[in-house]
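Engineer: Here's a structure for you.
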Amino acid sequence: MTKNKALLYLDGVSVSFDGFKAINNLSLIVGHNELQAIIGPNGAGKTTMMDIITGKTRPDEGDVYFGGDADLTTMDEAEIAELGIGRKFQKPTVFESHTVRDNLELALKKPRGVFSAWFYHADADDEARIAEILETVRLTERADELAANLSHGQKQWLEIGMLLAQDPKLLLVDEPVAGMTDAETVETAILLKKIAQTRSVVVVEHDMSFIRDLAARVTVLAEGSVLAQGSLDHVSADPRVIESYLGR
Ligand code: ADP
């Protein structure tokens, strides 16, 4: 896939912290409507890579293109988010004292200003969008429940829903199933697959059975570069992957 056909294109990206190369000449492509899983041992550079994509960390070398020609290395975090990149951190952050529906309403309004959001009432278009998101994140039945009363997994789904309200082209998701029940983990794979039908999703995860359920293209990072790429079966059979990660 060429730069212009990719949604996200990291080209020869490096970043050092105190002389240590956390990301080392990393090149990576995420296609349109692609679901990609990133795996790799602790310290491989997965978080740093996400930080570079979202503008939290600036690379020392290399380029990061989004949507063909937007150079993310020249933009700040707000500009990158505005361009259509949403990031879900590992821990859920939802408004516990508000209902599920209100959380989604607030997320829909965020670009118009946090303060105006509190005085806002959803119009018919927003209602339809919220209903669609509730369905996608499997929370229709819990719409009028306080977020505080949701299970850990449901809170994760709600936060994914809040990101969907921003209509990102690319969703970055950090270890979504950590702490989830087995049933929630299975549901999360279904949910992310559904989301990836209309946008791209990059998931950092350690849970191999979850990655198998996702059936995503897998990229294995090690020492800040791509060690292997392909289906889970393909990368699992790679001796370098077994040595650096799976065999541990
Ligand atoms: P992963 O998410 O794959 O576990 P990280 O991206 O968190 O890996 O870290 C990659 C390497 O970079 C690690 O060795 C880590 O200690 C180092 N590192 C990450 N961020 C910083 C930082 N802000 N300052 C110094 N070292 C860092």
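The values are calculated or read from the model by the stated rules, or taken from the named source; none is laboratory data. These numbers were taken from a predicted model, which means no experiment stands behind them. Glycine also receives a Cβ, built like all others from the backbone with ideal geometry; neighbour counts cover every protein chain displayed. What goes into the accessible areas is simple: the full protein's heavy atoms, side chains included, and nothing from ligands, DNA or RNA. Shrake-Rupley method; radii C 1.70, N 1.55, O 1.52, S 1.80 Å.
Engineer: Round to a whole angstrom and tell me the spacing of the C-alpha centers of the stretch 122-199 and the stretch 57-111.
Structural biologist: What the calculation gives is 16 Å, centre to centre.
Engineer: When the accessible area of the stretch 56-101 is split by element with a 1.4 Å probe, what percent falls to carbon and sulfur? Provide the component values of the computation, followed by the final result.
Structural biologist: Details: 1230 of 2580 Å².
Answer for the stretch 56-101: carbon and sulfur cover 48 percent of the accessible area.
Engineer: Given charges of +1 on the Cβ of Lys and Arg and -1 on the Cβ of Asp and Glu, with all other atoms neutral, how large is the dipole of the stretch 135-196 about its Cα centre, in debye to the nearest 20? Write out the running numbers ahead of the final one.
Structural biologist: On the way: 6 positive and 11 negative charges, 41 e Å.
The calculation lands at about 200 debye.
Engineer: For the chain, which span is the longest to avoid every loop-located (per DSSP) member of chymotrypsin sites (Phe, Trp or Tyr not before Pro) having at most 16 other Cβ atoms inside 10 Å? Write down the numbers at each step before the final one.
Structural biologist: On the way: sites that count: Phe89, Phe95, Trp118, Phe119, Tyr120.
Answer from the scan: 121-248.
Engineer: Is the shape of the stretch 136-206 best called rounded, prolate or oblate, per the rule: a/c under 1.5 gives rounded, else a/b larger than b/c gives prolate, else oblate, with a ≥ b ≥ c the square roots of the Cα gyration tensor eigenvalues?
Structural biologist: Numbers: a/c = 1.79, a/b = 1.22, b/c = 1.47.
It is oblate, given that a/c is not under 1.5 and a/b is not larger than b/c.
Engineer: Say R0 is 30 Å: what FRET efficiency, to the nearest 0.05, do Phe89 and Asp69 get from their beta-carbon distance? Working shown, then result.
Structural biologist: Working: r = 28 Å, r/R0 = 0.94.
My answer for the efficiency is 0.60.
Engineer: Another question about this same structure. If R₀ is 25 angstrom, what is the calculated FRET efficiency for the pair Gln166 and Ser209, using the beta carbon separation as r and rounding to 0.05? List each step's numbers first, then the result.
Structural biologist: Details: r = 30 Å, r/R0 = 1.20.
Efficiency, rounded to the nearest 0.05: 0.25.
Engineer: Turning to a different aspect of this structure: At 1.4 Å probe size, with every protein chain present, just tell me what the per residue accessible area of the chain comes to in Å².
Structural biologist: Numbers: 11770 Å² over 248 residues.
Heavy-atom SASA per residue in the chain reads 47 Å².
Engineer: Work out from phi, with θ = phi - 60° and the Karplus expression 6.51 cos²θ - 1.76 cosθ + 1.60, the ³J(HN,Hα) of each residue of the stretch 75-80, listed in order in whole Hz, and give x for Gly and Pro.
Structural biologist: Karplus values, whole Hz, x for Gly and Pro: 10, 8, 4, 5, 5, 5.
Engineer: Okay, next question. State which entries of Lys46/Lys109; Lys5/Lys194; Lys169/Lys194; Lys21/Lys91; Lys91/Lys169 exceed 19 angstrom in Cα-Cα distance in the structure shown. Walk me through the numbers on the way to the answer.
Structural biologist: On the way: Lys46/Lys109 31 Å; Lys5/Lys194 22 Å; Lys169/Lys194 14 Å; Lys21/Lys91 27 Å; Lys91/Lys169 22 Å.
Flagged as over cut-off: Lys46/Lys109; Lys5/Lys194; Lys21/Lys91; Lys91/Lys169.
Engineer: Over the stretch 123-248, with every protein chain in place, what whole percent of the accessible area is carbon and sulfur at 1.4 Å, could you tell me? Write down the numbers at each step before the final one.
Structural biologist: On the way: 2760 of 5590 Å².
Here carbon and sulfur together make up 49 percent of the probe-accessible area.
Engineer: Another one. Rounded, prolate or oblate: pick one for the stretch 42-94, where a ≥ b ≥ c are the square roots of the eigenvalues of its C-alpha gyration tensor, a/c under 1.5 means rounded, and failing that, prolate if a/b is larger than b/c, else oblate.
Structural biologist: Details: a/c = 2.24, a/b = 1.21, b/c = 1.85.
Judged from the Cα gyration tensor, the stretch 42-94 comes out oblate (a/c at least 1.5, b/c at or above a/b).
Engineer: Here is a further query. Order 70-77, 99-106 from most to least packed using the mean count of other Cβ atoms within 10 Å.
Structural biologist: Working: 70-77: 14.8, 99-106: 22.0.
Ranking, from highest mean packing down: 99-106, 70-77.
Engineer: Same structure again: Taking amide hydrogens as modeled 1.01 Å from N in the peptide plane, which residues meet the under 5 Å criterion relative to Ser225, leaving out close sequence neighbours?
Structural biologist: Asn24
Engineer: For the chain, what is the calculated [θ] at 222 nm in deg cm²/dmol (nearest 500), taking -39500 (n - 2.57) for each run of four or more DSSP H residues and dividing by its residue count? Before the final figure, lay out the partial values.
Structural biologist: On the way: 9 runs with 82 residues, N = 248.
When only DSSP H runs of four or more count, the value is -9500 deg cm²/dmol.
Engineer: Turning to a different aspect of this structure: For the chain, what ratio Rg/Rh do Cα atoms give with a Kirkwood hydrodynamic radius? List each step's numbers first, then the result.
Structural biologist: On the way: Rg = 18.3 Å, Rh = 18.7 Å.
Result for the chain is an Rg/Rh of 0.98.
Engineer: Shape call for the stretch 205-246 from the C-alpha gyration tensor, a ≥ b ≥ c root eigenvalues: rounded (a/c under 1.5), prolate (a/b greater than b/c) or oblate? Walk me through the numbers on the way to the answer.
Structural biologist: Numbers: a/c = 1.66, a/b = 1.56, b/c = 1.06.
It comes out prolate by the Cα gyration axes.
Engineer: Assigning unit charges at the beta carbon (Lys, Arg +1; Asp, Glu -1) and nothing else, what dipole magnitude in debye, to the nearest 20, does the chain show about its Cα centre? Can you show the working numbers first?
Structural biologist: On the way: 25 positive and 39 negative charges, 68 e Å.
With only Lys, Arg, Asp and Glu charged at Cβ, the dipole is about 320 debye.
Engineer: Once both axes come from the Cα atoms, what is the angle between helix 182-195 and the longest principal axis of the chain, in degrees from 0 to 90, rounded to 10?
Structural biologist: Helix 182-195 and the main axis of the chain meet at about 90 degrees.
Engineer: Now a separate question. Please list, ordered by chain and number, the residues whose modelled amide H lies under 5 Å from the amide H of Val203; skip anything fewer than 5 residues away on the same chain.
Structural biologist: Long-range HN contacts for Val203: Gln36, Ala37, Ile38, Val173.
Engineer: Enumerate the calculated ³J(HN,Hα) couplings along the stretch 10-16 in order (Karplus 6.51 cos²θ - 1.76 cosθ + 1.60, θ = phi - 60°), each rounded to whole Hz, writing x wherever the residue is Gly or Pro.
Structural biologist: Computed from phi, the couplings for the stretch 10-16 are 9, 10, x, 8, 9, 8, 10 Hz.
Engineer: Further question on the same structure: Please compute the contact order of the chain in relative form: average sequence separation of alpha-carbon pairs under 8 Å and at least six residues apart, divided by the residue count, as a percent. Mind showing how you got there, number by number?
Structural biologist: On the way: 461 pairs, mean separation 65.2, N = 248.
Computed value for the chain: 26 percent relative contact order.
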